[in-house]
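The values are calculated or read from the model by the stated rules, or taken from the named source; none is laboratory data. As the structure is a prediction and not an experimental result, all values here were calculated from the model. Here the Cβ positions follow ideal geometry from the backbone for every residue, glycine too, while neighbour counts run over all protein chains shown. Ligands, DNA and RNA are stripped out before the accessible areas are found, and what is left, the full protein with its side chains, is counted by its heavy atoms. Shrake-Rupley method; radii C 1.70, N 1.55, O 1.52, S 1.80 Å.
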Amino acid sequence: MTNVAVITGGASGFGRALGDRCGGRGMSVVLLDLDGDRASTEAAGLATTHGVEAFGLAVDVADDESVRAAAATVDERFGKAHLVISNVGVQLFASIERASDDEWRWLLDVNVVGSARVARAFLPLLRRAERGRLAFTSSSSVLDPASRMSMYQASKFAVWGLAETLRVELAGDGISVSVIFPSGMLSRHLETSEAAQPAHLRRPIAANDDFTALHESNPAMATFLATPEEAAAGVIEAILDDRPYVVTHGDFLEATATRERELRSAATEATGGKR
């Protein structure tokens, strides 16, 4: 039986590129996105290109009923899902003094609670698959953070924490959990984030000084740019290989090594230096 892949945020950018990789492997593909028309158009393109079954649906991950309705549609069509990638993520830049409570609530609801909603709704379908895979898109910025991204980076740390917890919870169900850490991409991410803002919060995603502060705090963030297609290369294979972590591109060896050294030092001190 053909495997089924479900991808949120699938109408453009990284999500669409992941869908293309799944279609190239002969998988049936379901693209879920706030922009349902674009998701349907892109799914039709995948079906034509790869000769697979594919369709798109309008889904708002900030709305539990919308997510559950999407899961019900996939259930009715296929009866199971072999791969679910929770890929939706909105962005909003600001210094900590400028970020309002409502902005924090919106971004966390979409990025974090939205990821939990997707996992909750699609777990029954993953359990019916012979070998279910659940993946979450975090961000390489949690490996090497930058200024003015506190809301986004905090949310992506939380997504990582959600994934780590579910890896433990779902081990007995035979469902593997992977975390994807993509770096900067030449995509519609900022455009779609602005379009997704509720009316009472609508403002530019960032001010000029936000970008200046970001680049001054982490110049490498502007260096590791790739197209969504380049970033997606190898990701599906890594998830299907049950790898817990997938870094799409960029050099984070020193950043991760520094964090490991400092955490190991703190853990050693906690044992009284016995190890």
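Figures for the structure shown
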| quantity | calculated |
| --- | --- |
| Leading residue by the ranking (farthest from R16 (Cα to Cα)) among those in segment 56-84 that are touching a Ser or Thr at 6+ places or on another chain (Cβ under 7 Å) and open to solvent by less than 50 Å² (accessible area, probe 1.4 Å) | F78 |
| Options R167, R120, R131; residue that is under 22 Å from L18 (Cα atoms) and either part of a strand (DSSP E or B) or modelled with pLDDT under 95 (or both) | R131 |
| Contacts under 9 angstrom Cβ, first residue in segment 63-75 being within 15 Å of S115 (Cβ to Cβ) and assigned to a helix (DSSP H, G or I), partner of a type in the set (S, T, Y) and open to solvent by less than 30 Å² (accessible area, probe 1.4 Å), 6 or more apart | V67/T8; A70/T8 |
| Residue, farthest from F14 (Cα to Cα), within segment 220-273, restricted to residues that are touching an Asp or Glu at 6+ places or on another chain (Cβ under 8 Å) and among the aromatic types (F, W, Y) | F252 |
| Tally, over segment 17-36, of residues that are open to solvent by 20 Å² or more (accessible area, probe 1.4 Å) and over 16 Å from E237 (Cα atoms) | 3 |
| Helices (runs of 4 or more DSSP H) fully within segment 195-275 counting 2 or more residues that are among the β-branched types (V, I, T) and either open to solvent by less than 60 Å² (accessible area, probe 1.4 Å) or touching a residue at least 12 places away in the same chain (Cβ under 8 Å) (or both) | 235-240, 253-270 |
| Residue within segment 180-189 that is open to solvent by 70 Å² or more (accessible area, probe 1.4 Å) and under 18 Å from the mean Cα position of the chain (by Cα) present | yes |
| Failed item in (1) surrounded by fewer than 22 Cβ atoms within 10 Å (Cβ to Cβ); (2) modelled with pLDDT under 95, with L108 passing the rest | (2) |
